[in-house]
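For reference, the structure is listed below as structure tokens.
The values are calculated or read from the model by the stated rules, or taken from the named source; none is laboratory data. Quantities reported herein were computed from a predicted structural model and do not represent experimental measurements. Virtual Cβ from ideal backbone geometry, glycine too; neighbours counted across all protein chains shown.
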Amino acid sequence: MTGARVVVIGGGLAGIAAALDCADAGAQVTLLEARGRLGGAAYSFERDGLRVDNGQHVFLRCCVEYQALLARIGASDLVSIQERLDVPVVAPGGRRSRLRRNALPAPLHLAWSLLRYPFVGPRELLSLALAMQSLSRLDVEDPVNDERSFASWLAEHRQHRPAVEAVWDLIVRPTVNLGVEEASLAQAAQVFQIGLLTDARAGDIGWARAPLSELHDRAARVALERAGVEVRLRSTVRSLDASLTVVASDGFSECADAVVMALPPRQAVSLLPPEAGVDAGLADKLGTSSIVNLHIVYDRRVLDEPFFAGIGTPVQWVFDRTESSGLPGGGQYLAVSLSAADGELHATSQELRDRYVPLIAELLPAARDAVVERFFVSREHAATFRAAPGARAHRPGPRTAVPGLALAGTYTDTGWPATMESAVRSGHVAAAVVIESLGHDSLARGGRDLGQPNLAAPVAPADSVVVGS
């Protein structure tokens with residue numbers, strides 16, 4: 001396919017992955033991005049001298065395609081990953097525990113930690129173990145399981161409020177961006193099966209040590225240009241027809257041999273030609289779920305961990321972003337991530353400050369006497385699609401009815417929730433579809449199956465920051 005002209009519309013992680021794959025296969029690739037940066041929904045910005053991520057994005061060791069993309073763009077040294085899963089859990093009054101894995105194989109790797117976990121009583125531990133065993137065998141590809149709520153399944157398996165709050169919702173809410181009451185059983189089961197119940201190492205947590213735009217924008221742009229991809233920023237696509245003619249606001253116009261549409265569903269549907277056969281009501285059927293992030297700068301250090309999860313409190317996950325933000329002096333900058341945050345979405349910054357600063361002080365004794373020097377809020381109104389019961393039936397595959405036109409994005413049917421891993425996987429599959437349409441052997445990612453993570457694959461280094469010991 002040497003010389004084939006491929007246009008990728010959208011410069012998020014899905015578009016970056018697709019553009020690199022197509023360029024590696026010998027295509028002449030142009031990537032069009034409406035904003036003045038790459039990175040899509042995972043980016044950073046400057047605020048009052050701080051380098052701030054729009055939200056706290058983490059990944060797990062099982063997210064091998066995202067980590068492979070970081071290696072491809074030369075950004076692996078900008079992330080860290082735990083040697084072993086270790087999650088500090090904090091309740092009001094400063095009660096603490098940890099969900100930490102040991103060296104045993106899954107699912108025994110968390111047994112000792114759960115036995116010492118004070119938020120689940122001894123009577124509930126057996127039913128928790130039995131439920132996890134049952135969940136590990138659940139068929140996540142069965143549409144019946146996708147049409148059912150996770151909460152109904154938990155109730156059937158005698159999971160009561162303490163276990164739901166202390167274990168199930170603690171993991172489902174930040175990964176699926178819905179609480180257990182609203183999340184699809186199949187999607188929640190996929191998270192537990194891949195992240196916790198299959199391989200002991202899969203759930204080790206990784207995060208960026210630098211602002212996200214240093215990875216997803218700066219490093220990605222360098223890698224794309226080295227691969228021969230023409231990157232056009234501030235280039236808004238105005239039209240796309242069934243002949244694959246793309247017209248953009250900056251004067252770009254080309255009849256491409258193939259196109260990867262890597263925009264969010266609402267924008268994608270507005271541009272796709274009717275001949276593509278994509279449901280015009282797709283975005284409404286998938287819905288959206290929001291994320292609200294609180295950014296708090298204290299005059300002193302109040303947290304002695306890289307992050308923690310809250311329990312028995314509206315505070316969900318809190319991350320120390322002091323170093324990556326460039327905050328001078330002896331203060332500390334915490335990012336509070338609130339997933340499925342429809343209740344907080346329309347609250348004012350002052351209302352959120354009045355509510356959450358005291359709540360954090362209930363969790364962190366050192367915050368009680370600390371002065372809040374800065375407080376601001378970032379909101380992602382449509383952060384993800386809603387992985388609610390029945391949602392997977394509406395997630396389209398990468399192929400459209402127009403040859404050479406493929407879809408990419410976290411909303412496509414990757415089987416994963418709307419994560420960075422899902423975005424990268426969708427880009428790889430979309431690239432394979434268009435390359436195949438051009439008469440070239442499909443990129444099969446070196447023969448790897450994108451359905452399951454291969455933890456033997458190279459992963460990001462774990463020696464920069466180690467959580468736990």
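Structure summary
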read-out: Every residue from the range 61-91 that is hydrophobic (A, V, I, L, M, F, W, C) and within 30 Å of G331 (Cβ to Cβ); value: L70, A75, L78, V79, I81, L85, V87, V89, V90, A91
read-out: The range 99-116, residues that are of a type in the set (S, T, Y) and more than 27 Å from the chain's Cα centre (by Cα); value: none
read-out: Residue count, the range 292-303 (criterion: in a strand (DSSP E or B) and either farther than 17 Å from F375 by Cα or over 17 Å from the mean Cα position of the chain (by Cα) (or both)); value: 5
read-out: Members of the range 62-93 that are within 27 Å of V292 (Cβ to Cβ), within 17 Å of the chain's Cα centre (by Cα) and not hydrophobic (A, V, I, L, M, F, W, C); value: Y66, S80
read-out: Residue in the range 407-437 that is surrounded by the fewest Cβ atoms within 10 Å (Cβ to Cβ), counting only those that are within 16 Å of R72 (Cα to Cα) and under 13 Å from the mean Cα position of the chain (by Cα); value: E421
read-out: Leading residue by the ranking (surrounded by the fewest Cβ atoms within 10 Å (Cβ to Cβ)) among those in the range 8-43 that are of a type in the set (D, E, K, R) and assigned to a helix (DSSP H, G or I); value: D24
read-out: Qualifying residue in the range 59-81 (condition: farther than 25 Å from Q190 by Cβ and modelled with pLDDT under 95); value: no
read-out: Options L178, L196: the member that is in a helix (DSSP H, G or I), within 19 Å of the chain's Cα centre (by Cα) and hydrophobic (A, V, I, L, M, F, W, C); value: L196
read-out: The range 130-153: number of residues that are under 13 Å from F192 (Cα atoms) and part of a helix (DSSP H, G or I); value: 7
read-out: For D342: the one exception among (1) under 30 Å from W168 (Cβ atoms); (2) assigned to a helix (DSSP H, G or I); (3) out of contact with any helix residue (DSSP H, G or I) (no Cβ under 8 Å at 6 or more places or on another chain); value: (2)
read-out: Residue in the range 273-284 that is under 18 Å from the mean Cα position of the chain (by Cα) and touching a residue at least 40 places away in the same chain (Cβ under 8 Å) present; value: no
read-out: Candidate set: the range 102-128, residues that are without any contact (Cβ under 8 Å) to a residue 12 or more places away in the chain and more than 25 Å from D199 (Cβ to Cβ); chosen: the one surrounded by the fewest Cβ atoms within 10 Å (Cβ to Cβ); value: P122
read-out: Filter result for V260 (under 21 Å from P396 (Cα atoms) and outside any helix (DSSP H, G or I)); value: yes
read-out: Some residue of the range 262-270 being over 21 Å from the mean Cα position of the chain (by Cα) and modelled with pLDDT of 95 or more; value: yes
read-out: Filter pass, R5 being under 21 Å from E214 (Cα atoms), surrounded by fewer than 21 Cβ atoms within 10 Å (Cβ to Cβ) and at pLDDT 95 or above; value: no
read-out: Matching strands (runs of 3 or more DSSP E) fully within the range 66-107 where at least 2 residues are in contact with an Asp or Glu (Cβ under 7 Å, 6 or more places away or on another chain); value: 95-100
read-out: Lone qualifier among L99, L70 - being touching a helix residue (DSSP H, G or I) at 6+ places or on another chain (Cβ under 9 Å) and surrounded by fewer than 24 Cβ atoms within 10 Å (Cβ to Cβ); value: L99
